[in-house]
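To keep things clear, I will list the structure first and then write my remarks on it.
Read the figures in this text as sums done on the coordinates, not as results from a lab. What you see is a predicted model, and the numbers here were worked out from it, not measured in a lab. Here Cβ is always computed from backbone atoms with ideal geometry, including for glycine, and neighbour counts include all displayed protein chains.
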Amino acid sequence: MNFKRHLANTIHGILPTDDAPVELIESYLEVPKDSSMGDFALPCFRFAKTFKKPPQAIAQTIADGWNDESSEAAAVSGYLNIKLNPVFIARNVIADVLGARGKFASSDEGAGKTICIDYSSVNIAKRFHIGHLSTTMIGHSLKRIFDHLGYTTVGINHLGDWGTQFGKMISAYKRWGSREDVELRGIQAIVDLYVRFHDEAKDNPALEDEGREWFLRIERGDTEALEIFEWLKELTMNDVAKIYDQLGVSFDHYTGESFYKDKMQPVVDELREKNLLEQSEGAWVVDLTPDKMPPCLILKRDGATLYPTRDLAAAEYRADTFNFHKSLYVVAYQQDLHFRQVFRVLEKMGKPWARDLVHVSYGMVSYGGAALSTRDGHTVYLEDVLAEARAKARRIIDEKSPDLQDKDAAAKSVGIGAVVYSVLSAGRIKDIDFRWDSALNFDGETGPYVQYAHARCCSLLSKAEEAGLTVEECGKNWNADALANPEATEVLLLISRFPELVRDAARKYEPSMVTRHVTDIAGAYNKFYFEHRVLQGDIESQAARVLLTEAARIAIATGLMLIGVDAPTRM
């Protein structure tokens, strides 16, 4: 049951006019920070202008007319505080969760609508470092959230596979590299060569010209240049595939910048036809000064394209191919101006779908307070982070659960879960200064903490089943009064709010809302577990606590799934 909608209907039946529709009342209902004030509260000052009365009088009018047997209401300082009957909560929440049959908190609101999500966007010939983790996991989580709400999602890995840096890599490879070394050490050999190129170029600027010449050969279709270029792409994709496999991440399309090399000229032609292109110091730009932005550079003096040119072509292609409802770009906030320029150019071109483009920005990742830089060799590779996380988890499992079967699989779930959780636990716009100790923290409110709550639920349910208390049997005859206590009510109310929370996370493009809420559910269940013996007392009361445990397990498993973290059954 949607408790907010239930209460909004009750309030709507009491208010003196129809100037406050049910949907509006429902949107105003909030959860008090202090639970002693009630389970829900209605701030009546929002209706003062409508009813031409002080909020205190409006709250009192509703309280005086309250006729809902499942709850009680009181007027307090202009607020209507509402307390639901704990038994009413228990019966409805457990029925909703168990009745969802594996689709708890899902919906069909996105039926017939497509969401394109551009995320991860690895760079060819560079190793996957921790700076890529935020875009990868935010995008992956958003994809799961929108899938859960019935949307058709298209995950796009917009590969960074175009630009003069590839000419520099080829130059470095031709000067100092060997195929044997690259085959042996993989993409790290190319990274080392790239760093050396920039070191050498400081004293030998001619190397920069040589790098540009090699990229020009790629653009012209030179056989040797293309052969090395495609080889570098293959090496990179083999390297990142191992990371994606560990993270459980996949994509529907790998359409990088090079994919659009033959799709940019039509965009440039259209800009010219619509008189949007003008010359500026030899380059071609779209003037955005009326929009209080710098000009958007479309072509360099030599006619070369740039990032905006390719993103304009990519947006056009996605609109034509997928007819999207929204097209999301999960890219760091440093690119905010770039996307505002690109989106505005598309609006000036008369593209009606330009309003459906969204830059989902996130904070920058630094290491030791310094920006990450492959060319300077200042970075932390994600492969190393995940390996250390698995190793730490394995050490803990060996110590605390020596009899656990398949310890390696458990260590992978827990270790990688800790790293993913560390990225998705805070608001996405927050900057992250990577620290090994925080990323691999297993104590407190962390990924392993939530995973352990799930495993605890599974263990209890297994013990209950051995005693003949299966979920199915418990559902036939249980005493809801056994859940009429503050600890059980807190768990159940948090679970009841989860579906709305998932929808809010989708609307705000904020996976951390799911992370925080599932952590709250895990914490509330742990408190319930320590205060109440599940398998003790009369059978009907045990059955009620078993059903609460199953509801908590489902909610925690759903939340972990939505953020891309495993839900182990044993730890």
_Can you give me the distance in nm between label points at residue 406 and residue 466, each placed 7 Å from the Cα along the Cα-to-Cβ direction?_
2.0
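Would you mind calculating the gained length between residue 287 and residue 399 on full extension (0.36 nm times residue separation, minus the Cα-Cα distance), in nm to one decimal? Before the final figure, lay out each step's value.
On the way: separation 112, 0.36 × 112 = 40.32 nm, distance 6.41 nm.
Value of the extension gain: 33.9 nm.
What do you get for Rg/Rh of the chain when both radii come from the Cα atoms and Rh is the Kirkwood radius? Each step should come with its number before you reach the end.
Values: Rg = 28.3 Å, Rh = 27.0 Å.
Expressed as Rg/Rh, it is 1.04.
Can you tell me how the stretch 393-562 classifies by the Cα gyration tensor, rounded, prolate or oblate, using a/c under 1.5 as the rounded cut?
Details: a/c = 2.46, a/b = 1.39, b/c = 1.77.
Judged from the Cα gyration tensor, the stretch 393-562 comes out oblate (a/c at least 1.5, b/c at or above a/b).
When the helices in the chain are scored as -39500 (n - 2.57) per DSSP H run of 4 or longer and the sum is shared across all residues, what 222 nm value do you end up with, to the nearest 500 deg cm²/dmol? Please list the in-between numbers first.
Working: 22 runs with 308 residues, N = 571.
My calculation for the chain gives -17500 deg cm²/dmol from helical runs alone.
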*Would you mind getting the Kirkwood hydrodynamic radius of the stretch 325-480 from its Cα pairs, rounded to one decimal in Å?*
19.6
*More than 22 Å apart - percent of Cα-Cα pairs taken over the stretch 169-244*: 25
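Given a cut-off of under 8 Å on Cα pairs at least six residues apart, what relative contact order in percent is computed for the chain?
Working: 913 pairs, mean separation 86.3, N = 571.
Here the relative contact order equals 15 percent.
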*Between residue 381 and residue 280, how many nm apart are label points set 7 Å from Cα along the C-beta direction?*
4.1
*asked:* Place a point 7 Å from the Cα of residue 224 along the Cα-to-Cβ direction; which residues of the stretch 164-186 have their backbone N under 14 Å from it?
replied: 170-177
_Give me P(r) over the stretch 3-84, computed from all C-alpha to C-alpha distances, binned every 10 Å, as integer percentages._
20, 61, 18, 0
*Taking the Cα centre of each part, how many Å lie between the stretch 470-523 and the stretch 5-41?*
20
*Express in whole angstrom the spacing between the alpha-carbon centres of the stretch 302-333 and the stretch 130-191.*
18
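Counting DSSP beta bridges in the stretch 274-362, what percent are antiparallel, to the nearest 5? List each step's numbers first, then the result.
Values: 8 of 12 bridges.
Just about 65 percent of them are antiparallel.
May I ask you to give the average projected area over all directions of the convex hull of the Cα atoms of the stretch 42-84, in nm² rounded to one decimal?
On the way: hull surface 10.7 nm².
Directional mean of the projected Cα hull area for the stretch 42-84 stands at 2.7 nm².
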_Just to confirm the number: angle between the C-alpha axis of helix 187-201 and the first principal axis of the chain, 0 to 90 degrees, nearest 10?_
50
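May I ask you to derive the relative contact order of the stretch 232-343, considering only C-alpha pairs under 8 Å and at least 6 residues apart, and to give it as an integer percent? Intermediate results must be reported in sequence, preceding the final value.
Working: 80 pairs, mean separation 20.9, N = 112.
Worked out over the stretch 232-343, it gives 19 percent.
Over 20 Å between Cα atoms: which of 274/348; 168/242; 143/263; 143/351 fall into that group? List each step's numbers first, then the result.
On the way: 274/348 9 Å; 168/242 26 Å; 143/263 27 Å; 143/351 25 Å.
Pairs exceeding 20 Å: 168/242; 143/263; 143/351.
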